[in-house]
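J.: I have a structure here, written as structure tokens, and I will follow up with some questions on it.
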Amino acid sequence: MTLKEQIKQILIEDLNLEDITAEEIADDEPLFGEGLGLDSLDAVELAVLVQKNFGVEIKDMEEGRPALQSVQALAQFIEEKQGK
């Protein structure tokens, strides 16, 4: 399973997204607003899930805002942090 697929599974299972499959989530689809419709509480939970599942910490919203734009952005953020 690729990193992007893992992120999509986490979004669906841990954030309880209903009526959507991993295949239906585009890599560049916005996670918030008109995209998947996540909210600020989901952002906090997602930051915790990223640390738990990938060992990568999102320190603050300044760092988190660009990382949580899409599955693609989050995958890039995780890869960069793991590569250090």
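Every number here is computed from the coordinates shown, using simple stated rules; none is lab data. Quick caveat: nothing in here was measured; it's all calculated off a predicted structure. Here the Cβ positions follow ideal geometry from the backbone for every residue, glycine too, while neighbour counts run over all protein chains shown.
J.: Could you list Ser40, Ser70 so that the one with the fewest beta carbons within 10 Å of its beta carbon is first and the one with the most is last?
T.: Least crowded to most crowded, the residues run Ser40, Ser70.
J.: If amide hydrogens are placed 1.01 Å from N in the peptide plane, which non-local residues have theirs closer than 5 Å to the one on Phe32?
T.: Gly37, Leu38
J.: Ok, one more. What 222 nm value per residue comes from the helices of the chain, counting each DSSP H run with n ≥ 4 as -39,500 (n - 2.57) and dividing by all residues, nearest 500 deg cm²/dmol?
T.: -17500 deg cm²/dmol, from helical runs alone.
J.: What are the trypsin sites (Lys or Arg not before Pro) within segment 7-77 that DSSP puts in a loop, where the Cβ has at most 16 other Cβ atoms within 10 Å?
T.: Lys59
J.: Next up: So what are the three principal axis dimensions of the chain from its Cα atoms, in whole Å, longest to shortest?
T.: That gives 36, 28, 20 Å along the principal axes, largest extent first.
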